[in-house]
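Take a look at the structure set out below.
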Amino acid sequence: MTASLRGDYSRAAKDYSVEQDWGAYATAEHALFKRLFDRQAKLVPRYACREWIEAIAGLEAGNEIPKFDSVSKKLRAKTGWEIVAVPGLIPDDAFFTHLANRRFPVTVWLRKPEEFDYIVEPDVFHDFFGHVPLLFEPVYADHLHEYGKGGLKAVRLDAVKMLARLYWYTIEFGLMRTPQGIRAYGAGLLSSGGELAYAVTDEKPARKNFDLEQTLRTDYQIDKYQTTYFVIESFEHLMRETAPDFTPIYARLRTLPALAP
Ligand code: PHE
Ligand code: FE
């Protein structure tokens with residue numbers, strides 16, 4: 001799996017963790033991070049959910065690539081989560097094991113300047129800017145922990161493909177209904193220069209009320225804007241909807257065809 005990925009996996013531990021080696025980032029990389037941050041910072045007040053906006057404000061993270069250790073210290077105090085540095089995408093069981101232990105894997109490397117608008121693999125900007133702030137939100141933090149445990153179960157049940165669709169339509173591309181209208185909480189949206197506004201306001205995509213079985217069944221496309229987004233009412237709502245035992249649901253959905261995106 002790691003052969004086609006661009007991170008350096010040679011120094012990773014068994015759990016795929018690495019040193020962040022913050023001193024090794026080039027000045028130009030810190031500057032690129034800041035440029036990415038500044039572009040998104042203009043968009044998020046209008047398009048991100050309140051919980052994310054409040055959390056990023058407490059992080060003072062916009063000037064350079066953050067030091068994971070110091071953010072982890074704040075996170076541990078707030079919700080018991082921490083960041084673990086990784087070389088990039090990691091295998092399912094390693095990923096789920098980290099989440100199940102309240103450790104969020106964050107890629108150490110930053111994209112190249114020519115990837116400013118679009119990148120295929122997650123980098124430190126996507127992982128940090130998109131995912132880390134919501135780990136400060138207690139209900140979201142608990143939900144992601146449950147997701148990790150559910151992931152290990154899905155590995156045993158050979159149901160990771162279905163569970164990954166749920167992740168895609170919530171943790172990566174989820175929308176939420178708020179008093180200010182529809183807002184984004186999905187990391188793929190929050191870190192995207194183009195899709196964030198598109199997801200929240202464009203008339204083209206469908207915005208459906210969150211439906212657990214539908215998300216588990218719906219395929220997704222990783223190389224273009226989504227055609228369907230799923231809208232939750234709150235993180236409590238998401239927590240409630242995903243609380244039931246998925247074992248019988250997997251068994252039933254396995255016999256049905258997947259739905260087109
Ligand atoms: N309830 C799920 C199960 O039994 C686990 C889960 C929790 C999955 C939260 C996703 C989110 O498998
Ligand atoms: Fe992500």
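Please figure out what share of the DSSP beta bridges in segment 22-253 is antiparallel and state it in percent, rounded to the nearest 5.
Working: 4 of 16 bridges.
In segment 22-253, approximately 25 percent of DSSP beta bridges are antiparallel ones.
Can you give the alpha-carbon Rg of segment 98-197 over 2.2 N^0.38 Å, where N counts its residues?
Numbers: Rg = 14.3 Å, N = 100, 2.2 N^0.38 = 12.7 Å.
The reported ratio for this selection is 1.13.
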Original post:
Near the amide H of V84, under 5 Å away, which other amide H atoms are found, from residues 5 or more places off or on another chain, if H is placed in the peptide plane?
Top reply: F104, V106
**OP:** Roll a 1.4 angstrom probe over the protein heavy atoms and tell me the percent of accessible area of the chain that is carbon or sulfur.
**Re:** 53
Subject >> For segment 82-208, share of DSSP beta bridges that run antiparallel, in % to the nearest 5 >> reply: 45
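Scan the chain and hand back the longest stretch that contains none of the GluC sites (Glu not before Pro) lying in DSSP loops with at most 13 other Cβ atoms within 10 Å.
The longest such stretch corresponds to 61-202.
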Original post:
Setting aside same-chain residues fewer than 8 positions from K208, which lysines have a Cα under 20 Å from its Cα?
Top reply: K224
Original post:
How high is the FRET efficiency between S10 and K67 when r is their beta carbon distance and R₀ equals 41 Å, given to the nearest 0.05?
Top reply: 0.95
Original post:
Given the Cα-Cα distance of L259 and K149 and 0.36 nm per residue of separation, how much length would full extension add, in nm?
Top reply: 37.0 nm
Original post:
Between E121 and Y220, how many nm apart are label points set 7 Å from Cα along the C-beta direction?
Top reply: 1.9
Subject >> Calculated SAXS-style log₁₀ I(q)/I(0) at q = 0.12, 0.13 Å⁻¹ - the chain, Debye, Cα scatterers >> reply: -0.69, -0.83
Subject >> Shape call, segment 135-180: gyration tensor on alpha carbons, a/c limit 1.5 >> reply: oblate
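Around G151, with a cut-off of 14 angstrom between Cβ atoms, what is the net charge of the other residues, counting Lys and Arg +1 and Asp and Glu -1? Please report the intermediate quantities before stating the final value.
Working: positive: R102, R103, K149, K153, R156, K161, R165; negative: D92, D93, E146, D158.
Result for the neighbourhood of G151: +3.
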**OP:** Whenever you get a sec, line up T218, T227, T242 from highest to lowest accessible area (probe 1.4 Å, protein heavy atoms).
**Re:** T227, T242, T218
Subject >> Whole-Hz couplings from phi, Karplus 6.51/-1.76/1.60, listed for segment 229-236; x for Gly and Pro >> reply: 10, 10, 10, 9, 8, 5, 5, 4
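Hey, what number do you get for the chain at 222 nm if only DSSP H runs of n ≥ 4 count, each worth -39500 (n - 2.57), divided across all residues, to the nearest 500?
On the way: 11 runs with 108 residues, N = 261.
After summing the helix terms and dividing by residue count, I get -12000 deg cm²/dmol.
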Subject >> Phi to ³J(HN,Hα) by Karplus 6.51 cos²θ - 1.76 cosθ + 1.60 over segment 143-151, Hz, x for Gly, Pro >> reply: 4, 5, 4, 4, 4, x, 5, x, x
**OP:** Mind listing the long-range amide H neighbours of T242? Cut-off is under 5 Å, sequence gap 5 or more, other chains count too, H placed in the peptide plane at 1.01 Å from N.
**Re:** none
**OP:** At 1.4 Å probe size, with every protein chain present, just tell me what the per residue accessible area of segment 22-253 comes to in Å².
**Re:** 42
**OP:** Would you mind calculating the gained length between Y198 and D158 on full extension (0.36 nm times residue separation, minus the Cα-Cα distance), in nm to one decimal?
**Re:** 11.0 nm
**OP:** Mind ranking W22, W109 by accessible surface for me, highest first, 1.4 Å probe?
**Re:** W22, W109
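Could you tell me whether segment 1-130 comes out rounded, prolate or oblate from its Cα gyration tensor? Rule is a ≥ b ≥ c as square roots of the eigenvalues, rounded for a/c under 1.5, then prolate if a/b exceeds b/c, otherwise oblate.
Working: a/c = 1.63, a/b = 1.18, b/c = 1.37.
It is oblate, given that a/c is not under 1.5 and a/b is not larger than b/c.
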**OP:** Express the relative contact order of the chain as a whole percentage, based on alpha carbon pairs under 8 Å and six or more residues apart in sequence.
**Re:** 18
Original post:
Cross-link partners among aspartates and glutamates for K112, C-alpha distance below 19 Å, same-chain residues fewer than 8 apart left out?
Top reply: D8, D21, E29, D38, E64, E121, D123, D127, D223
**OP:** Pop out the ³J(HN,Hα) list for segment 112-121 in order, Karplus 6.51 cos²θ - 1.76 cosθ + 1.60 with θ = phi - 60°, rounded to Hz; leave Gly and Pro as x.
**Re:** 7, x, 6, 9, 3, 8, 8, 9, 7, 8
Original post:
Can you list residues whose amide H is under 5 Å from L259's amide H, if they're 5+ apart or on another chain and H is modeled 1.01 Å from N?
Top reply: T218, D219
Subject >> Heavy atoms of Y16 accessible to a 1.4 Å probe, total area in Å² rounded to 10 >> reply: 60
**OP:** With a 1.4 Å probe and all protein chains in place, put D93, D158, D38 in order of accessible area, largest first.
**Re:** D158, D93, D38
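The values are calculated or read from the model by the stated rules, or taken from the named source; none is laboratory data. All values reported here derive from a predicted model rather than from experimental measurement. Glycine gets a Cβ as well: all are built from the backbone with ideal geometry, and neighbour counts include every protein chain shown. Each accessible area value is taken on the protein alone, full model and side chains, heavy atoms only, with ligands, DNA and RNA left out. Shrake-Rupley method; radii C 1.70, N 1.55, O 1.52, S 1.80 Å.
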